[in-house]
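Single-structure report; data block below.
The values are calculated or read from the model by the stated rules, or taken from the named source; none is laboratory data. Note that the coordinates shown come from a computational prediction; the quantities given were computed from them, not determined experimentally. Here the Cβ positions follow ideal geometry from the backbone for every residue, glycine too, while neighbour counts run over all protein chains shown.
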Amino acid sequence: MSSELMDALIILEKEKGISREVLIEAIEAALVSAYKRNFNQAQNVRVDLNLETGTMRVFARKEVVDEVFDSRLEISIDEARNINPSYEPGDMVELEVTPKEFGRIAAQTAKQVVTQRVREAERGIIYSEFVDREDDIMTGIVQRQDPRFIYVSLGKIEALLPQSEQMSNETYKPHDRIKVYLTKVEKTTKGPQIFVSRTHPGLLKRLFEIEVPEIYDGTVEIKSVAREAGDRSKISVATDYDDIDPVGACVGPKGARVQAIVDELKGEKIDIVEWSSDPVEFVANALSPSKVLDVIVNEDDKATTVIVPDYQLSLAIGKRGQNARLAAKLTGWKIDIKSETDAREAGIYPRDEVFDFEEEEELDESFDLLNEEIE
């Protein structure tokens, strides 16, 4: 083996990040295979590579026995002791059997195996790099598409964006830059396979972490996310600091922060509400932008009955029930919405003790105006 090949191993180690030991092991395995195949040899052999001189030698490994039945695998005790008097039955003797013309054949045969091992090592490195980025967001470039997937380049590898994870309000063209959420990284025989999403609620959460410094540093926390991708989403936020408005922090000056996320999601509407440990307050907030008169809680069934003004009923329910559905997902409570008139007729409204929503209405009105400005 030439010293040039040894230099190449050093270059591969630096450029590909593959350890020289992995490459040497691959070459040795390839040379053993080449020797057996090209010289019709079945004996147990070992290849020794000298990294300093760049030379290689092939050794046949034979067991010392009293009586030889297979000369390819065994050597008599007398013959072994001619080599070294200390040999005993059961020891292994190594005899050099390097053919003169072995170098050229070995190089040709080893090339394919080494290439394969290098590819496998590269795949392992890529897998290790991306498996730690599951549930994270990355920017990719659309490469191509077929009926099943959009193929998105993430630099070292192409990720798969399944049709079910594509937003209905988006069209994807080659060379488009899009942010994607890594849902799964698998190790397969063909290398690592990465699945990404544009519809996952985690994408919305990560976008807010990027755009809102208070979320990134933990001052404001996203408690829950409910999303119908491409149409409307709701997130609930909270903070332990009395001097910080968590909703205002997410909205940003003149709505700049939330607008950047809306633009990234191609116009998906986003409702930001304040989280509360009190289900009455939380459910009322989650039904924003509608006004709420009362929330009746059934702890046993984890269900609520929400009373809204008659003129707000359709707004509270939302188009095709979307607002109520998202509010239920966001809070984890079942929500049954009734108009004020129906509630009075049913005798469940008004009650003696009703949650005071007056303070919330002022915030809701400001948020409604901001939503209208954004839309």
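Take residue 249 and tell me if it is of a type in the set (A, V, I, L, M), outside the structural domain of residue 180 (by TED's automatic domain parsing), closer than 16 Å to residue 221 by Cβ and in contact with a helix residue (DSSP H, G or I) (Cβ under 7 Å, 6 or more places away or on another chain).
Spelling it out, residue 249 is indeed of a type in the set (A, V, I, L, M), outside the structural domain of residue 180 (by TED's automatic domain parsing), closer than 16 Å to residue 221 by Cβ and in contact with a helix residue (DSSP H, G or I) (Cβ under 7 Å, 6 or more places away or on another chain).
Of the residues 367, 357, which single one is crowded, with 18+ Cβ neighbours inside 10 Å and modelled with pLDDT under 95?
367
Do you know which of the residues in the stretch 107-164 that are closer than 25 Å to residue 264 by Cβ and among the basic types (Lys, Arg) is modelled with the lowest pLDDT?
156
Of all residues in the stretch 121-137 being in contact with a strand residue (DSSP E or B) (Cβ under 6 Å, 6 or more places away or on another chain) and not basic (Lys, Arg), which is surrounded by the most Cβ atoms within 10 Å (Cβ to Cβ)?
130
Which ones in the stretch 228-241 are crowded, with 19+ Cβ neighbours inside 10 Å and either touching a residue at least 60 places away in the same chain (Cβ under 8 Å) or in contact with a His (Cβ under 7 Å, 6 or more places away or on another chain) (or both)?
229, 233, 234, 235, 236
Scan 197, 233 and give me the residue that is of a type in the set (Gly, Ala, Ser) and closer than 21 Å to residue 284 by Cβ.
Of 197, 233, the one residue that is of a type in the set (Gly, Ala, Ser) and closer than 21 Å to residue 284 by Cβ is 233.
Out of the stretch 52-91, which residues are assigned to a strand (DSSP E or B) and either among the acidic types (Asp, Glu) or surrounded by fewer than 13 Cβ atoms within 10 Å (Cβ to Cβ) (or both)?
Scanning the stretch 52-91 gives 63, 74.
Just need a number here: residues in the stretch 151-185 that are touching a helix residue (DSSP H, G or I) at 6+ places or on another chain (Cβ under 8 Å) and assigned to a strand (DSSP E or B).
Of the residues in that region, 6 qualify.
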